[in-house]
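What follows is one structure encoded as structure tokens, with my remarks underneath.
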Amino acid sequence: MNYNVKVNNPCRCFLRSGFNEVSQFDSEEKAKEEAEYMLKIMKSNFCQKHKFTLENRAGDFEITIKPNS
């Protein structure tokens with residue numbers, strides 16, 4: 001079974017980052033580690049115009065990018 005990390009609503013910073021919008025992994029643990037790593041980089045290195053949330057949906061991890069309000 002494959003586990004995915006998916007990014008919803010990619011912003012300009014994300015598109016320049018080199019990260020993939022969808023990545024597949026052999027284990028849920030590896031997918032979770034990658035999602036948490038990506039989230040950490042986004043929060044510390046991106047332009048701070050957006051907020052980032054991480055959700056686990058049945059073993060798939062979704063990072064959603066939303067404008068700061």
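The values are calculated or read from the model by the stated rules, or taken from the named source; none is laboratory data. This structure is a prediction, so every number in the text was calculated from the model and none was measured. Each accessible area value is taken on the protein alone, full model and side chains, heavy atoms only, with ligands, DNA and RNA left out. Shrake-Rupley method; radii C 1.70, N 1.55, O 1.52, S 1.80 Å.
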> Between Glu29 and Leu54, what length in nm is gained on full extension when 0.36 nm per residue of separation is reduced by their alpha carbon distance?
Replying inline: 7.5 nm
> Excluding ligands and nucleic acids, what accessible area in Å² is computed for Glu33 using a 1.4 Å probe, to the nearest 10?
Replying inline: 110
>> Just to confirm the number: angle between the C-alpha axis of helix 28-45 and the first principal axis of the chain, 0 to 90 degrees, nearest 10?
In response: 10
>> Keeping all protein chains in place and using 1.4 angstrom, which order do Ser69, Ser23, Ser44, Ser17 fall into by accessible surface area, from largest down?
In response: Ser69, Ser44, Ser17, Ser23
> Volume per residue, Å³, of the convex hull around the alpha-carbon atoms of the chain?
Replying inline: 71
>> Out of all DSSP beta bridges in the chain, what portion is antiparallel? Express it as a percent rounded to 5.
In response: 75
>> Could you tell me the relative contact order of the stretch 8-69? Use alpha-carbon pairs under 8 Å, at least six residues apart, and round to a whole percent.
In response: 37
